[in-house]
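Mind having a look at this structure? Questions to follow.
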Amino acid sequence: MTSKATVSEPRSGPLLYSGPAGKVWADGLELYGLTARGVTVQGVMPGGPSTQPTPAELAAVQDAAKNAYSPLRPWMAVAALFLLLIVLNLLRAPLWLTLLPGLAATVVLVALPVSRQYRAFAGLFERRGELTIVLSDVPTQAVSNLVDIGPDTPAQTLDAARQPVAVVVRGLPGPERVKLGAAIMRRASLGQALGARKGRKP
């Protein structure tokens, strides 16, 4: 890693985040004094090496989606909707009035677990004063280099050859940590979905 002035250059990847600490693209970042170019932003985790989420916290995030309808269950909502549609049909309700409850129920059944899990993840980022961005051109859970950055980080450029690298970002306000974490998570989820779709093609 060499110390030099940060010079903004166009990115080929989309902009994921822009805030008080700088910017993050799909293929690099400029946060505080650190510049990294030509390396994929692979993922993000709440906390740093010594403040990682506990197994209990991670389990709570998973449970947030599984128990989104508690104390009800999805089949109960579907059964209630079915009965409502029968009643509306017997009352000869207009078609739009019959379709409206079905549409609303579908949105709730799909959106509620996602919303609950997102709030649980947001809580992890809010409760910690730092987050970790993983830079790597291939999916990985292991990194060979660790870089710590904050408001007092001097200008420096990260060589893409050092990947996979974990960039620990400290000093971001809670809402900005959530915003940055959510943006990278959405990008990573989209990449996984597209990868799985390609893998299913003959």
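Condition check ((1) surrounded by fewer than 17 Cβ atoms within 10 Å (Cβ to Cβ); (2) hydroxyl-bearing (S, T, Y); (3) in contact with a Phe, Trp or Tyr (Cβ under 8 Å, 6 or more places away or on another chain)) across all residues:
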residue: F125; (1), (2), (3): no, no, no
residue: Q141; (1), (2), (3): yes, no, no
residue: I149; (1), (2), (3): no, no, yes
residue: Q156; (1), (2), (3): no, no, no
residue: E176; (1), (2), (3): no, no, no
residue: A183; (1), (2), (3): no, no, yes
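Which residues, counting only those in the stretch 167-190, are more than 18 Å from G13 (Cα to Cα) and touching a residue at least 60 places away in the same chain (Cβ under 8 Å)? Break it down into steps so the answer makes sense when it comes.
First, the residues of the stretch 167-190 that are more than 18 Å from G13 (Cα to Cα): 167-179.
Listed by number, the residues that qualify are V167, V168, V169, R170, G171, L172, P173, E176, R177, K179.
Do any residues in the stretch 40-54 that are more than 14 Å from R177 (Cα to Cα) and touching a residue at least 24 places away in the same chain (Cβ under 8 Å) have Cβ atoms under 9 Å from those of residues that are of a type in the set (S, T, Y) and surrounded by fewer than 19 Cβ atoms within 10 Å (Cβ to Cβ), where the two are at least six apart or on different chains, and which pairs are they?
Sorted first by the residue in the stretch 40-54, then by its partner, the pairs are Q42/T140.
Okay, next question. For G28, state whether it is at positive phi, crowded, with 17+ Cβ neighbours inside 10 Å and modelled with pLDDT of 75 or more.
Numbers: at positive phi: yes; crowded, with 17+ Cβ neighbours inside 10 Å: yes; modelled with pLDDT of 75 or more: yes.
So G28 fits the description; yes.
What are the residues in the stretch 31-59 that are over 23 Å from A155 (Cα atoms), out of contact with any Leu (no Cβ under 9 Å at 6 or more places or on another chain) and open to solvent by 40 Å² or more (accessible area, probe 1.4 Å), if any?
Matches in the stretch 31-59: S50, T51, Q52, T54, P55, A56, A59.
Against the definition (of a type outside the set (V, I, T) and either in contact (Cβ under 8 Å) with a residue 24 or more places away in the chain or touching a strand residue (DSSP E or B) at 6+ places or on another chain (Cβ under 6 Å) (or both)), how does A142 come out, yes or no? Give the steps one after another, and end with the answer.
Details: of a type outside the set (V, I, T): yes; either in contact (Cβ under 8 Å) with a residue 24 or more places away in the chain or touching a strand residue (DSSP E or B) at 6+ places or on another chain (Cβ under 6 Å) (or both): no.
So A142 fails the test.
Now for a separate question. Checking the conditions here, which among T40, T54 is touching an Asp or Glu at 6+ places or on another chain (Cβ under 9 Å), at pLDDT 75 or above and over 16 Å from I149 (Cβ atoms)? Show your work before the answer.
Details: T54 fails: touching an Asp or Glu at 6+ places or on another chain (Cβ under 9 Å).
Going through T40, T54 in turn, just one is touching an Asp or Glu at 6+ places or on another chain (Cβ under 9 Å), at pLDDT 75 or above and over 16 Å from I149 (Cβ atoms): T40.
Here's something else I'd like to know. Consider L72 against the criteria (1) within 19 Å of T157 (Cβ to Cβ); (2) at pLDDT below 90: it satisfies all of them except one. Which criterion is unmet?
With respect to (1) within 19 Å of T157 (Cβ to Cβ); (2) at pLDDT below 90, L72 is out only on (1).
Take K4 and decide whether it is open to solvent by 50 Å² or more (accessible area, probe 1.4 Å), of a type outside the set (V, I, T), closer than 30 Å to S136 by Cα and modelled with pLDDT under 75.
Details: open to solvent by 50 Å² or more (accessible area, probe 1.4 Å): yes; of a type outside the set (V, I, T): yes; closer than 30 Å to S136 by Cα: yes; modelled with pLDDT under 75: yes.
Spelling it out, K4 is indeed open to solvent by 50 Å² or more (accessible area, probe 1.4 Å), of a type outside the set (V, I, T), closer than 30 Å to S136 by Cα and modelled with pLDDT under 75.
The values are calculated or read from the model by the stated rules, or taken from the named source; none is laboratory data. All of these numbers come straight from a predicted model, not from anything done at the bench. Reconstructed Cβ throughout: ideal geometry from the backbone, glycine too, with neighbour counts over all protein chains shown. Note: accessible area is taken over every heavy atom of the protein model, side chains too, but ligands, DNA and RNA are not part of it. Shrake-Rupley method; radii C 1.70, N 1.55, O 1.52, S 1.80 Å.
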